[in-house]
Amino acid sequence: MKYYEGHESVYQKLERAGKFAWGDRVGGDGADSEGRNLRLLLDHVFEQVTFAGPSRYALDLGCGSGPVSAILAKRGWRTLGLDVSETAVKLAQRRAAEQGFTDAEFAVGDIINYPNPTSQFDLIVDACCLHCLVFDADRSKALANIRQLLKPGGVFAVCTKTTGAKDKAENFFTDETGILWMYTGTNLFEDSKQVNGKWYMPQRRILSPETLRRELTAAGFTVTWNASMEHGNFSAICQ
Ligand SMILES: C[S@@+](CC[C@H](N)C(=O)[O-])C[C@H]1O[C@@H](n2cnc3c(N)ncnc32)[C@H](O)[C@@H]1O
């Protein structure tokens with residue numbers, strides 16, 4: 001199993017606990033379970049960009065249980081939420097049905113290996129998914145797919161962790177490339193590794209804002225706005 005598929009067990013635990021938001025997981029920040037930084041980023045997108053044309057279609061990348069799709073649906077957007085976690089997609093579908101979002105679809109899928117896209121989007125929102133993709137090769141495949149999925153003139157809005165995020169001291173270490181490794185006790189994933197006899201999995205990639213901007217530029221995006229947000233999050237609007 002790939003390291004980024006570990007989110008499935010988090011959503012299974014949330015479902016068993018009768019909860020659904022990522023921030024409500026064990027160790028989550030609960031107080032902001034629906035992602036204040038994502039809401040602020042979307043406010044900036046809608047202040048700065050006028051989307052032309054009658055049909056506005058957005059990809060909610062790493063949708064989890066769908067907070068971004070919910071915000072966009074309320075603004076009248078048609079959305080596709082994509083996530084590797086089946087349980088997250090089920091929770092997002094349940095929320096959309098309960099709230100009557102008829103134009104919000106969700107699908108299980110991996111942005112690193114996203115075969116033959118049939119649609120293009122006016123807006124793609126990285127809803128804290130990119131920082132879950134830790135290796136350079138995985139990130140460049142994902143960014144190339146995002147580029148391909150974006151309509152000409154479309155917007156890629158990024159909400160991601162950068163350096164300055166609160167250190168997760170116990171049971172974690174960050175290596176010299178910015179990969180945050182989490183102690184797991186056993187060999188859980190194909191990219192797990194042993195350090196001093198203990199098993200760790202790669203969990204996040206925490207780059208500096210400058211390195212992230214360089215990565216986005218190298219992938220063919222122009223960063224038109226960016227800002228540091230609360231909790232070490234970083235937001236960018238790219239075209
Ligand atoms: C930090 S959570 C955020 C979830 C949601 N966007 C939110 O704000 O509540 C990151 C999400 O990205 C998803 N994810 C991780 N790697 C992915 C991949 N390669 N393709 C699609 N989704 C992925 C995870 O399953 C998880 O739901």
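Structure values in brief
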item: Dipole magnitude of the range 105-208 about its Cα centre (Cβ charges: Lys, Arg +1; Asp, Glu -1), debye to nearest 20; result: 140 debye
item: Test item: Cα-centred dipole of the range 198-239, Lys/Arg +1 and Asp/Glu -1 on Cβ, debye; result: 220 debye
item: For Thr184, distant residues with modelled amide H under 5 Å away; result: Trp199, Tyr200, Met201
item: From phi via Karplus (6.51, -1.76, 1.60), per-residue ³J(HN,Hα) for the range 11-23 in Hz, x at Gly/Pro; result: 5, 5, 5, 4, 4, 4, 7, x, 10, 9, 7, 3, x
item: Dipole of the chain [Lys/Arg +1, Asp/Glu -1 at C-beta], most positive-end residue of Val134, Gly178, Val223; result: Val223
item: Acute angle (nearest 10 degrees) that the helix 86-99 long axis makes with the longest principal axis of the chain, alpha-carbon atoms; result: 40 degrees
item: Estimated distance in nm for a label pair at His231 and Thr217, the labels positioned 7 Å out from Cα along Cα-to-Cβ; result: 3.0 nm
item: The range 49-151 shape via C-alpha gyration tensor axes, a/c threshold 1.5; result: oblate
item: 3J(HN,Hα) from dihedral phi, the range 106-114, Karplus parametrisation 6.51/-1.76/1.60, rounded to Hz, x for glycine, proline; result: 9, 9, 7, x, 10, 5, 6, 10, 10
item: In Hz, Karplus ³J(HN,Hα) per residue of the range 46-55 (6.51, -1.76, 1.60; θ = phi - 60°; x = Gly, Pro); result: 6, 6, 9, 10, 9, 8, 7, x, x, 9
item: Amide H contacts of Phe106 (H built 1.01 Å from N, under 5 Å, at least 5 apart or other chain); result: Gly81
item: Calculated [θ] (222 nm, deg cm²/dmol) that DSSP helices of n ≥ 4 give over the chain, each run adding -39,500 (n - 2.57); result: -9000 deg cm²/dmol
item: Size of electric dipole in the chain: Cβ of Lys, Arg +1 and of Asp, Glu -1, about Cα centre, debye, nearest 20; result: 180 debye
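Each value in this text was obtained by applying a stated rule to the coordinates, not by laboratory testing. All of these numbers come straight from a predicted model, not from anything done at the bench. In this analysis, Cβ positions are derived from the backbone assuming ideal geometry, glycine residues included, and neighbour counts consider all displayed protein chains.
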